[in-house]
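Notes follow once the structure below has been shown.
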Amino acid sequence: MPELDLEGIGRSMVRLRAEVPDDAFTAGILGSQRIGNGVVINADGLILTIGYLTTEARDVWMTTADGRSLAGHPLAYDQVTGFALVLPLEKAGLEPIPLGSSAPVEAGDDLYVVSAPEFAEPLPVQVIARREFAGYWEYLLDDAIFTAPAHPHWSGAALIDARGSLVGLGSLLVRDAVHGEEINANMFVPIDLLKPILGEMTTKGRTSRQPRPWLGVYAVEMTGNVYVTGVAEGGPAHLADIREGDLISRVADYEIATLPEFYRRLWAMGPAGTGVPLTAIRGGTRLHVNVRSVDRAELLKRPQAN
């Protein structure tokens, strides 16, 4: 891999701290104090980060590599990709990291994961897989990037290619199989997913795509079945009496056996607000429930105007 100015790239990263009201919808799951990374992506100092850090944030603070503290405004969050934007409320004078292309990234490629310098040194990693990723919180990526070894501060970290360009944004710590052995790895959201929506996120705070129907179900896939591991309190599934331990066997007339099938059938039912017929099995009893979906964004606290 060509020599990169990794120290310089690190100066384009910030430590991000978000404070969320205790009564926020996501506070119980994600906490009211959230810490991670942000990436400077344009000459105005716009910060790209991962959405769960800033969802419902009241205050966002960023610390630069030279120790300066900057206030920020949580500008946008896209639930489909997981990307979020933070607008600094004063000029930081930080060089942006250029957006690269995630399309050529493939298994076996050598890359770097770069976080805010106070968290960790840049970490050489290898891409171990490109594949679909389904999260338990009604989230699906068709072609996520997985790397190892795992970075200790992955949230919002930058995945950097040999040209010094940003090709992915850190989202999760996962367990992955390599040569028959399970190891810790990171999942990155491909940067190419940002490019079509960046303009709208910057100017409107969200994309113009129709909001997907959201049920508030936390689910896992095991042995060819989808099981409910929890429901969001006050969410549609909770109100419809979907319970932890239920096996979701059908969405409308479609049998489901995997999380991706569940989500794709759910989202194909129509926009947010659509009634979603579910068949669940609880203790050997088959239940038919119609869950009135919602736009998840309507349940979240909105950023205060600055």
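Each reported figure results from applying straightforward, stated rules to the coordinates on display, with no laboratory input. Small disclaimer: the values here were computed from a predicted structure and weren't measured. Don't worry about glycine lacking a Cβ; one is built from the backbone with ideal geometry, like all the others, and counts go over all protein chains shown.
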Computed label-point distance, nm, for sites Leu239 and Ala177 using a 7 Å Cα→Cβ extension
4.1
Amide H partners (placed H, <5 Å) of His73, local residues excluded
Leu87, Leu89
Mean Cβ-within-10 Å packing, highest first, puts peptides 58-65, 101-108 in the order 58-65, 101-108
Relative contact order of the chain, please, whole-number percent, based on alpha carbon pairs below 8 angstrom and at least 6 residues apart.
15
Between the modelled labels at Val220 and Arg206 (7 Å from Cα along Cα→Cβ) the distance in nm is 3.1
His288 versus Leu4: modelled label distance in nm, points set 7 Å from Cα along the beta carbon direction:
5.5
In terms of modelled amide H atoms, which long-range or inter-chain residues lie less than 5 Å from the amide H of Ile128?
Gly108, Phe146, Thr147, Ala148
Take the Cβ-Cβ distance between Lys91 and Ala252 as r, set R0 to 45 Å, and report the resulting FRET efficiency rounded to the nearest 0.05.
0.30
Packing-based ranking, highest mean first, of 109-120, 244-255 given that Cβ atoms within 10 Å are counted
109-120, 244-255
Candidates for Cα extents along the principal axes in Å are (i) 65, 40, 38; (ii) 62, 39, 34; (iii) 61, 50, 30, and the calculated one carries label (iii)
At 222 nm, what helix-only mean residue ellipticity would the chain give, in deg cm²/dmol to the nearest 500, using -39500 (n - 2.57) for each DSSP H run of four or more?
-2500 deg cm²/dmol
Gyration tensor (Cα only) of the range 110-193 to equivalent ellipsoid, semi-axes in Å sorted down, yields 19, 15, 13
When the Karplus curve 6.51 cos²θ - 1.76 cosθ + 1.60 is applied with θ = phi - 60°, which whole-Hz ³J(HN,Hα) does each residue of the range 10-22 get, with x for Gly and Pro?
x, 6, 8, 9, 10, 7, 10, 10, 10, 10, 10, x, 4
The range 1-55 and the range 108-142: distance between their alpha carbon centers, rounded to Å
15
Shape call for the range 171-306 from the C-alpha gyration tensor, a ≥ b ≥ c root eigenvalues: rounded (a/c under 1.5), prolate (a/b greater than b/c) or oblate?
oblate
